[in-house]
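Taking it in order: structure first as structure tokens, then the write-up.
The values are calculated or read from the model by the stated rules, or taken from the named source; none is laboratory data. Since this is a predicted model, take the numbers as computed values, not measurements. Here the Cβ positions follow ideal geometry from the backbone for every residue, glycine too, while neighbour counts run over all protein chains shown.
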Amino acid sequence: GTATTDPAFGLPAHWIEERQKEAAQMGGFTVVDSETVMATHLSHLMQVQAAKLLSRTETQQLVEHVSKLAPKLIEEVVPKLVSIATFQKVLQLLLEESVNIRDIRTIVETLAENAGSTTDPIELVRRVRTALAPAIVQQIYGPVKELDVIAIEPGFERLLMQALGNPHSPALDPGVAEVFTRTAAEVALRQEERGVPACLLVPDGIRGAIARLVKRAAPRLQVLAHSEIPETHTIRIGPILRGANA
């Protein structure tokens, strides 16, 4: 067949003739028709662009919808404790990392519990993700209880903690950042080619910063914090990301 790249997931693929379908399937390849490829690609694009598509109007409509299901909850939270703008930003940040926001009740309840101590959307998202952790892990891994993860070499992890975990620390060296993001993208691709979820496990204090750092180079790489692993699950460490000098 003709070599190509899967438009939705960026994996190597081949276009083949209809008459070659059976032979390809017997050879262990997954075969999908062009209509399915296009539908999957469009669905993936919608997921990727979901954060940008969530406007203030859609956010207000979502609030009104939830208020019909739990009027007291919404009345106490939006906009009394959390403004519409902050609520919208929290949802956008979740969607940017492909987190399903269907459990809107848990999201609103978590905002209600934490809005008194912070109004920073990034910090609120961290706390919402902790509340949604079982669902996030389920979304990435499905029903399995042993999670294959990518880890960071401890010495390099300490360097990242120093640079990204404290706003008053010196910024991460651009060269180090470039090597890290490129390596993360390469490892993520290899995981996907093996049929394993590409998921990087990092300390809580730098999860958000790492996710933003790798987003452009490795958009499908999921980044989980240690606190987001449910107690019912175990982890199995696979590839290790190392610094340029590690």
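Restricting the range 34-93 to residues that are part of a loop (DSSP other than H, G, I, E, B) and of a type in the set (Ser, Thr, Tyr) leaves a set whose member that is modelled with the highest pLDDT is Ser83. Of the residues Gly155, Gly195, the single one that is of a type in the set (Gly, Ala, Ser) and free of Cβ contacts under 8 Å to residues at least 12 places away in the same chain is Gly195. Exactly one residue among Arg207, Arg216, Arg220, Arg236 is of a type outside the set (A, V, I, L, M, F, W, C), modelled with pLDDT of 95 or more, out of contact with any Pro (no Cβ under 7 Å at 6 or more places or on another chain) and not in a helix (DSSP H, G or I), and that residue is Arg236.
Residues that are closer than 15 Å to Arg127 by Cα and not acidic (Asp, Glu) within the range 224-241 comprise Leu224, Ala225, His226, Ser227, Ile229, Pro230, listed in sequence order.
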